Every structure is written in structure tokens, then in C-alpha cells.
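Let me begin by presenting the structure, written as C-alpha cells, before commenting on it.
The values are calculated or read from the model by the stated rules, or taken from the named source; none is laboratory data. Everything numeric in this text was worked out from a predicted model, so none of it was measured. Here Cβ is always computed from backbone atoms with ideal geometry, including for glycine, and neighbour counts include all displayed protein chains. Note: areas computed on protein heavy atoms with side chains; ligands, DNA, RNA excluded. Shrake-Rupley method; radii C 1.70, N 1.55, O 1.52, S 1.80 Å.
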Amino acid sequence: MTGQSISSSLVERRTFPAPSAAKLGVGRFHVESLADYHRLHARSIADPAGFWGEEAAKLSWFKRWDRVLDWQAPDARWFVGGTLNACYNCVDRHVQDGHGEQVAIVWEGEPLSPRTHHPAPDSRYAHEPELRTLTYRDLQQQTSRAANALRAMGVKKGDVVTIYMPMVPELAVAILACVRIGAAHSVIFGGFAPHAISERVMDAHSRVIITADGGYRRGDIVPLLKNVQEALEQTANHGHIVNHVLCLKRTAHQAPSQRFSTGDHLGATVMHWWHDVVDSASDACPCVEMDSEDMLFLLYTSGSTGKPKGILHTTGGYLTYVNMTARLTFNLMPDSGQLFWCSADIGWVTGHSYVLYGPLMNRVPTLMYEGAPNFPTMENGRGDRFWSIIARHRVTHFYTAPTAIRTFMKWGDDLPARHDMSSLRILGSVGEPINPEAWMWFHEHIGRAKCPIVDTYWQTETGGHVCTPLPGAIATKPGSCTVPMLGIDAAIVNEQGQELGPNQGGLFCIRKPWPGMLRGVYGNRERFISNYWGRLKDPHTGEPWYFSADGARRDEDGYFWIQGRIDDVIKVSGHLLGTMEVESALVSHPAVAEAAVVGVPHEIKGSAICAFVTLKPAWLSRNGRAPDDALRKELGEHVVREVGALARPEQVRFAEGLPKTRSGKIMRRLLRDVAAGVEKITQDTTTLEDFSVVAKLRTDDE
Ligand code: WT7
């Protein structure tokens, strides 16, 4: 795909200038002009030690570092010899500085209870949500209690604690409690199935899980504890014992199997209710001094091979990078009336960096919403909860994903129009390329054609934004993530590492280390090197460069346009899924012989999953199954059970056999075309795809 020019008719030409601070109604911008950006960026690349040293100095350190960077590609050690604590930087520092009574977290629960005071202006708001705010002092007290409770379970510095919780304030408390005592967190998105939990718990050698009885989602209850219990059985079958489960009571919905008292055993695991052991714990618990390069967290992400990868981030570098990117991209400033809302779940990196760490370090209140955008649900499944949240809380920053924006577009212009969203100043997009139509809708209907949109390109592995407009400095173009972050030496290159000219499609790479970069794939050095560092190198010095696995181009103004993944991962609703993960789930079904999964373009989800499946013959599967709708549905359910609802295939297509190259590789490119309807392979409309005609076309180039 490298080296291809983009036809000019496909090029988006609209440009929106960066607003002045006065026009936008903000005090000032951290970076105020394009010239300032160029100057700062040039300096950050020319003098990385000076630049990053200044950024790191914005955090609070127990001990200052001796050297900014030791770089032995691909191993980076940032702020060598320095010590600090993440919870201290998010919480205690602010209390120490006299801001203990300021709001740190504004939380809104999903369920609505009947309004008790003032009468509702209209019947749709006859109910009101549960609201909670936590100050920095509240967070200090609660993280200390939770940390002491974890200590009592034997958690110590260096351990990995798995967290599988709904979007409630205790999730933030749980994360910060871990880092308070030097334990790393591994947060698993609440939408994942038991198998995904057990896989991650075992890979991380995690002995303690923090969860909740259930979580609310679109009025339903997600059975979190039940999923954990199933995962515990699976890990036990593999000889991995989880010693403790700490469980928050959220839904009070207790199926018989979930009833327990603190201290009860479940197999070899001791169960604890949060309200029994956290609420009564001491609220004195000093923040443990951590080395800059000590592990802060693991976050699992899908790769092109079956098993998810535990992306490892360390303390000093990650915090420095997230502190800076949150400040610059969103122009965060304490004490200036900002309320930042990132609608991502904390189970994804976006939530780690920009629901939690970024705003807390910058002392800007962060809003957490527990549930779905369409609860309460209106006619045709629509909902305006997000707009109501923005209006009621006077949100100033709204950061969301293109897949959500496309859904809101479909739900209609009338919904945002009903709400006063004049508090908004900056909008953000993340997770996948945003199509210009969705960008324009976001701009007009949510941003009142006034708010700059920051289209932030980055990855779990990069820790924070690597390409994004800075709202006061960079003119935006719908669909472009614009320019590299300060300190990021980004380029579009071909396989040989040669930089390509304007509008030549190539590989997005980063040529210099940056503090937020991943330090490893947990327990898998080989995968760390082959996935990220084995593919591209400096053609002159031979030094490895960071390879993103994204295809992209850069236009004549130096703006980056991300084209999407070039490996076997699919972005469904902004979330990565490995084709292998879904294929392994499919072939674990007794009726399935072989499966191949590809992405198909989807109006709302960006991409959706299309699974091609061949069935075992009757004599092999004993209960030979017919390729019918009942089986299609069953396979869909099976994938949801094994991987999670995100992975549910949009289409299940049965085939006689899968098209393969002479060397036996599945011809995915062909399958993608077939799935997208580009290529017509079937001669008729029976249920079986017949790929025999492609036998003639087979090549070994896939
Ligand atoms: C992949 C990383 C980044 C946090 C959430 C996802 C795609 C992400 C953009 C964007 C175009 C984007 C890339 C990247 N991506 N943001 N603004 N424009 N593509 O993190 O799950 O690690 O996914 O998301 O393909 O490689 P992730």
C-alpha cells in the first residue's frame, strides 16, 4: 500500500482556522499560534532532554531524576533515578497545596429515581439521576482506605491487581488505591466476557480482583460478579488461584450464586464486600515512593495473533506525557471553570489517560457518566442523555468517538437542539478516523460552529496523543488529526524507512522515543520487538523506529491523515479486535471446522465483523449442523460469550471451503472484498459461498 498517491477528488479541502481565545470565550491558550507551535515543536525535537526535563518538572517528585533518558533501542528509561507516586500527583499534591475542597470528580449514575424536590419542567425529566461529587480530600481519604484494605489482603509493591468494575467513582478510587501502594492495575472493560477476564488475569499473574456485583447499562444489569466467578473457575482449572475478590455493592441485584458474606470462600478465593473492608479501614496511608520506571499499569489490547497483549506503562514517563498532552490538547487550566468530560470507559486507554490521570494531574474536574447515551430510551431507541448531561453540568470539554457521533447523527438534529450546550468550548474525537460528514455534524450541532474539534490520533501503546490539533494554534481539516504533538518525531515512510512525499500513502512511524511510549508487552519480549520495533529502521543508522501498524499520508501542509490498520485487527465502534481472537472463538464451537474473520465497512461502527465459516461434516461433528439462520444466531451468541458483545459478528457467512493461497494462507483481501460486496463470488443466492472460482486466481502474494 505504500507509495500510492491519493486521487485529488478524495481530498478534503475545507479548513477551519483556530479561534482566538476571546472569540471562543476562554482566558488564553497554552499555545497561541501556528508559529508558536512550530517553534516549540522544533525545540522539542532538537533538545529532547531539555524539553522533557521541563515537562517532568511540572510533576511532583520525591527525588529528582539523574538523567532524562537512557535509550538503547527499543528500551527506554525515562527520568532515570527519579522517584514519584501517581496517586500523589493526582490527589495528595492538590490537598497539600490547599485545594483539598475542590471538586476532582463529578459523577452521574445511569438509573433515574423519581424527582423529590422541584417539579420537573417536562415529563421526560420527571426523574433525576444519582449524582456524586468527590473532592481531592475525599479521594485522598477513600484511596487511603481502599489501599489499606488491599494491603490487608497482602497486596504489595509490584503486584498486579485486576479491576473489572462499572463506571462508578469507586473505580477511580480502586485504581488510585493500587498505585498509592505501588501495585500496578490491570483494568478490564466491563463489557468483556469471563473467558477474556480469565485470560488477562492469568497473563498478568494477578492474585486480587476488584469488581462489583453488577453495573447498570441501558437499564439492564451487567452481571459483573457472576462473570468474575466464572472466570475464577476457569483460572482454577489452569492452576491459577486468585486469592481475594473485593466486591463493591452497586446493583444489590444478587442472584443466588452471588450471595456471600465477607470472609466466605469461593473455591480457594476469599470474598470481601467493599463496604465491610474499605469503609472501616484507616484513612492514613502514605503514597509509596516509586521508581520512575516502575510499572504503573497493564492494559490489554488486541493484536493480530490470538492472545491479547498486556501493554506495559511505567510511572514517570507516562505521567509526564499524559500531563502534558491533556494540558496542551484540551488547553486545561485549573481554577478557570472548566469541566472536562471524556465519555470513554476507563477500561480503555482513553479512559485511563483522559478520564482519570490527565484531568486529575491538571487539577481540572473530570465528569464520569456510568451508563448509555440512550437511557432513558426514547422512541426508536434514541436518547439525549449526553446533551442533557452537558447542559445540566455546564460541561466545557466533550471528548468522544466517531462511532458515537455517527449514532447521534442518526438519532437526529432535534435532540441536541433541545438542550443548552453553550458551555462547551472544546470538542474532541478519538478512536478511529472521523469521516468528514460526522466531523461537520459534530462541529455544527454540538459545537455551534464555534468550538474547535481536536481529532486526537494515538494508541494504547503511545500512552497519550501523538498527532492532534492544539485548539488555539492549529487550523483543523475535517478528517485529519493534523500535526504531531510536541516531542513527537512522526513521519510517513515506506518499508525501507524512506520518508514519502506529500499525499503518498505509507506507514505511520515515530523516529524518536517519547516518555509515554510502552515499555513492553507483559511477559513477551519477542512480541514487543516484532510488533513495534522489528519492521522499520533508520536507513542510515539502522536504529529501530516505532511502527504503529497504521497506514497514513501527509498532505502538502504537513497534515496527517490516518487511513487505518494494516494488520489483522479490526476497529469495531472504535475498539480493537483481533481477527484471530474472534476466529478462535468460532472454531471452539463444535459445528465449526474453519473460520476467517474480516472487517466490513459499517455506517455506524466504522467497521463490523464478517465471519466466513466452514462446518464440520456430519460424520465428524456427530451432530452435523445445517448452515442455517439458527446456527448463524448460535455462532453469534457463542462469540459474544467467549469474547464479549463488541465481537458479535454482523454477518456469518457459510462457505464450502475458504479461499487459500497455494501456500495455504487464507486470502483475506479477497474475503474483505467479498464481504464488502466489491467482488461477486457466489453464482446464486444459496446460503453457501462458493470460492471454487477463485482457485484459478490464486496467487501467493497474500
Ligand atoms: C488505533 C489504536 C487511541 C485511544 C483509543 C484507541 C486508531 C485512534 C484515531 C484517530 C484515526 C485513530 C488507529 C490506532 N485511531 N485514534 N484520531 N484517527 N485513527 O486506542 O485501541 O489502542 O487503538 O486506533 O488505528 O492504531 P487503541
- Message: Based on C-alpha coordinates, I'd like the Rg and Dmax of the chain, in Å.
- Response: 25.1, 75
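From largest accessible area down, sort H195, H443; use a 1.4 Å probe on the protein chains. Write out the running numbers ahead of the final one.
Values: H195 75, H443 20 Å².
Ranking H195, H443 by accessible area, largest first, yields H195, H443.
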- Query: For the range 473-534, what's the radius of gyration and Dmax over Cα atoms, in angstrom?
  - Reply: 14.4, 42
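Heavy atoms only, 1.4 Å probe, whole protein assembly: order M368, M202 by accessible area, highest first.
M202, M368
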- Item | Listed peptides 495-502, 58-65, 369-376 by packing density, highest first (mean Cβ within 10 Å) | 369-376, 58-65, 495-502
- Task: Could you point to the residue in G657, V493, F386 farthest towards the positive end of the chain's charge dipole, with +1 and -1 charges on the Cβ of Lys/Arg and Asp/Glu respectively?
- Result: F386
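First select every other residue whose beta carbon is under 11 angstrom from the beta carbon of M580; then total the charges, Lys and Arg +1, Asp and Glu -1. Intermediate results must be reported in sequence, preceding the final value.
Numbers: positive: K307; negative: D567, D568, E581, E583.
Local charge sum for M580: -3.
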- Item | With every protein chain in place, the range 171-265: carbon and sulfur % of accessible area (1.4 Å) | 48
- Message: Can you tell me what share of the DSSP beta bridges in the chain is antiparallel? A percent to the nearest 5 is fine.
- Response: 60
- Over the range 635-675, with every protein chain in place, what whole percent of the accessible area is carbon and sulfur at 1.4 Å, could you tell me? 42
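Please give the contour-minus-distance gain from I529 to E128: 0.36 nm per residue of separation, less the Cα-Cα distance, rounded to one decimal in nm. Please report the intermediate quantities before stating the final value.
On the way: separation 401, 0.36 × 401 = 144.36 nm, distance 5.11 nm.
Once the chain is fully extended between I529 and E128, it gains 139.3 nm.
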- Between D66 and A252, the two model label points (7 Å from Cα along the beta-carbon direction) sit apart by a distance in nm of 5.7
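Net charge near M167: determine it from the other residues with C-beta under 14 Å of the C-beta of M167, scoring Lys and Arg +1 and Asp and Glu -1. Don't skip to the answer; put the middle values down first.
On the way: positive: R132, R217, R218, R250, R385; negative: E108, E110, E130, E170, D345, E370.
Charge balance in the 14 Å sphere: -1.
As an exercise, identify the trypsin sites (Lys or Arg not before Pro) in the range 624-675 lying in DSSP coil whose Cβ has no more than 16 other Cβ atoms within 10 Å.
Values: sites: R625, R632, K633, R641, R653, K660, R662, K665, R668, R669, R672; in loops: R625, R662, K665.
Passing sites in the range 624-675 are R662, K665.
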- Item | Cα centroid separation, the range 654-671 to the range 268-329 (Å) | 42
- Query: Within the range 201-260, which trypsin sites (Lys or Arg not before Pro) sit in a loop by DSSP and count at most 11 neighbouring Cβ atoms inside 10 Å?
  - Reply: R259
- Too long for a 25 Å Cα-Cα cut-off, among K309/K605; K156/K226; K58/K477, are K156/K226; K58/K477
- Item | Nitroxide proxy distance, nm - points 7 Å out along Cα→Cβ at S692 and A645 | 4.3
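Order of 399-408, 68-77 by packing, highest average Cβ count within 10 Å first? Write down the numbers at each step before the final one.
Values: 399-408: 22.4, 68-77: 16.6.
Ranked from most to least packed, the peptides come out as 399-408, 68-77.
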- Query: How big is the charge dipole of the chain about its Cα centre, in debye rounded to the nearest 20, if each Lys and Arg gets +1 on its Cβ and each Asp and Glu gets -1 on its Cβ?
  - Reply: 180
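Just the number please: accessible area per residue for the range 64-103, 1.4 Å probe, all protein chains included, in Å².
Details: 1710 Å² over 40 residues.
Counting only protein heavy atoms, the per-residue value for the range 64-103 is 43 Å².
Net charge around V652, counting only other residues with Cβ within less than 12 Å of its Cβ (Lys, Arg = +1; Asp, Glu = -1)? Each step should come with its number before you reach the end.
Details: positive: R632, K633, R648, R653; negative: D628, D629, E634, E637, E650, E689.
Result for the local shell: -2.
Compare H205, H445, H589 by solvent-accessible area with a 1.4 Å probe and give them largest first, with all protein chains kept in place. Intermediate results must be reported in sequence, preceding the final value.
Numbers: H205 120, H445 65, H589 15 Å².
Reading off the accessible areas and sorting them downward yields H205, H445, H589.
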- Query: Given 0.36 nm per residue, what is the gain on full extension from A42 to K665 after removing their alpha carbon distance, in nm?
  - Reply: 219.8 nm
